[in-house]
1. Could you sort out which of Lys37/Lys149; Lys23/Lys202; Lys37/Lys157; Lys149/Lys284; Lys149/Lys172; Lys37/Lys202 sit more than 30 Å apart by Cα distance in this structure?
2. So what's the angle, to the nearest 10 degrees on a 0 to 90 scale, between helix 215-226 and the longest Cα principal axis of the chain?
3. If I compute volume of the Cα convex hull per residue in Å³ from the structure I just sent, which labelled value in (1) 162; (2) 138; (3) 121 lines up?
4. Mind grabbing the accessible area of Arg267 for me, 1.4 Å probe, Å², rounded to tens?
5. Going by Cβ distance under 4.7 Å, what cysteines of the chain have no possible disulfide partner?
6. Please determine, in degrees from 0 to 90 and to the nearest 10, the orientation of helix 100-111 with respect to the longest principal axis defined by the Cα atoms of the chain, where the helix direction is its Cα long axis.
7. Taking all protein chains as present, what is the carbon and sulfur share of the accessible area of the chain, in % to the nearest whole number, probe 1.4 Å?
8. Ranked by accessible surface with a 1.4 Å probe, highest first, in what order do His161, His29, His84 come?
Amino acid sequence: MSERVGFVGLGIMGQGMARNLMKAGYTVHVWNRTASKMAPLVAEGAHAAASPAEVAAQCDIVVTCVSDTPDVEAVLLGEAGIIHGAKPGALVIDCSTISPQATRDFAATLNEKGIHMVDAPVSGGSEGAARGTLTIMVGGADEDVERAKPVLQAMGKTITHIGEIGSGQVVKAVNQVLVVGNCLAMCEALLLAQAGGVDLQKNFDAVSQGVAGSWMFTNRAPQIIRRDWRPGFTIALQQKDLRLVLDAADELGVPLPGTSLIFQLYRTLEARNLGLEGNHALVKALEYLSGIEVGTEASQ
């Protein structure tokens with residue numbers, strides 16, 4: 001591989017994404033705020049760096065995947081940020097989910113130093129990150145997106161160039177409206193099945209392959225049935241995304257009553273300190289309302 005690649009942010013998503021870049025043959029330089037998260041990748045051949053700037057100094061392309069808009073600002077423009085290490089002509093691929101306007105502002109600041117940027121938020125959960133099957137929504141100049149494609153193809157399966165910088169983030173907001181809507185529908189359906197006294201696994205088998213099926217139901221309903229709250233995507237991160245969605249809707253004057261309701265239901269779970277559980281734990285909000293517990297433990 002001619003381009004040297006860096007990866008900044010090794011959380012639930014970043015671990016799998018960086019690993020797939022290595023599998024594709026890239027020599028990958030990595031940095032993470034919690035240094036211990038670099039260890040598994042270093043053991044597999046990645047090169048640890050002391051800062052995002054140090055990653056950028058050794059790479060032509062740097063992928064970032066961190067939690068929120070301030071985190072992206074810190075790794076791009078902060079004291080030890082990428083802007084201080086990257087050479088003119090370098091490319092940043094930001095796979096975080098953040099504000100579209102902030103994305104455009106960051107890109108403009110980087111561009112003053114000759115550094116190019118595309119926004120490439122991802123969807124597919126930890127499973128998609130591990131398998132390299134993520135859906136990636138890309139915003140940026142045509143030539144930058146073309147340059148980014150080999151890297152993106154190592155991490156994802158469906159890669160769509162939406163338009164100019166920031167447009168990937170707009171489509172990610174659309175994606176999240178659909179994700180949480182599907183999640184609430186799944187949780188209501190399982191609550192109804194539990195209350196109706198039917199076998200939850202047979203209920204799953206009966207409806208998952210028909211018109212009612214969805215990625216959310218296929219991948220998360222079995223976890224709910226087992227009462228397995230391990231996250232493919234945490235409630236805390238889901239709420240961060242929904243704040244971005246509702247901020248964008250407010251700016252555009254768009255009513256999103258269903259999404260607003262789901263945001264408030266998740267807020268009740270955050271109040272119970274459940275922010276690190278998977279976003280499918282939304283069912284717990286309905287359980288608290290109904291007094292009915294969904295899953296095998298409740299059925300025994």
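1. Details: Lys37/Lys149 26 Å; Lys23/Lys202 38 Å; Lys37/Lys157 25 Å; Lys149/Lys284 40 Å; Lys149/Lys172 18 Å; Lys37/Lys202 39 Å.
Distance filter (> 30 Å) returns Lys23/Lys202; Lys149/Lys284; Lys37/Lys202.
2. Here the helix axis deviates by roughly 60 degrees.
3. Entry (2).
4. 110
5. Among the cysteines of the chain, those whose Cβ sits 4.7 Å or more from every other are Cys59, Cys183, Cys187.
6. Tilt relative to the chain: about 10 degrees.
7. Whole-percent figure for carbon plus sulfur exposure: 54.
8. Correct descending sequence by accessible area is His84, His161, His29.
The values are calculated or read from the model by the stated rules, or taken from the named source; none is laboratory data. Predicted model only: the values in this text are computed from it and were never measured. With ideal geometry, Cβ positions are generated from the backbone for all residues, glycine too; neighbour counts draw on all protein chains shown. These area figures cover heavy atoms from the full protein model, side chains too; ligands, DNA and RNA do not enter into them. Shrake-Rupley method; radii C 1.70, N 1.55, O 1.52, S 1.80 Å.
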